Amino acid sequence: MNRLYASKLNLVVLTLMWALLLILNVINYVNTKSGLLLIVVIVAAVGLVLNFVFYFVASRRKREKF
């Protein structure tokens, strides 16, 4: 994995972006009850989880290299 994935700045920025996207989509879904927005909410939640998975996998590989 790229060293960029293992940086803490990348973790913070991407976490804020995914969390903001998730919050806004949940608010929008509650107001509209649209099935399409439910899919977008699920994608944002999965993206938030994968952000942490990529960070921890990349940081582990980064530690093993050195």
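Here region 1-21 is the region considered, the condition is being more than 9 Å from the chain's Cα centre (by Cα) and crowded, with 17+ Cβ neighbours inside 10 Å, and the residue that is modelled with the highest pLDDT is L21.
For beta carbons closer than 6 Å, sequence separation of 6+ or different chains, a first residue in region 3-20 that is farther than 16 Å from A44 by Cβ and a second that is modelled with pLDDT of 85 or more and open to solvent by less than 30 Å² (accessible area, probe 1.4 Å), the qualifying pairs are L11/Y55.
Pairs linking a residue in region 51-66 that is open to solvent by 70 Å² or more (accessible area, probe 1.4 Å) to a residue that is hydroxyl-bearing (S, T, Y) and modelled with pLDDT of 85 or more, with Cβ atoms under 8 Å and 6 or more positions apart or on different chains, are F52/T15.
The values are calculated or read from the model by the stated rules, or taken from the named source; none is laboratory data. On a predicted model such as this, the values are computed, not experimentally measured, just so you know. Because the Cβ atoms are built from the backbone with ideal geometry, glycine has one as well, and the counts that use them run over all protein chains shown. What goes into the accessible areas is simple: the full protein's heavy atoms, side chains included, and nothing from ligands, DNA or RNA. Shrake-Rupley method; radii C 1.70, N 1.55, O 1.52, S 1.80 Å.
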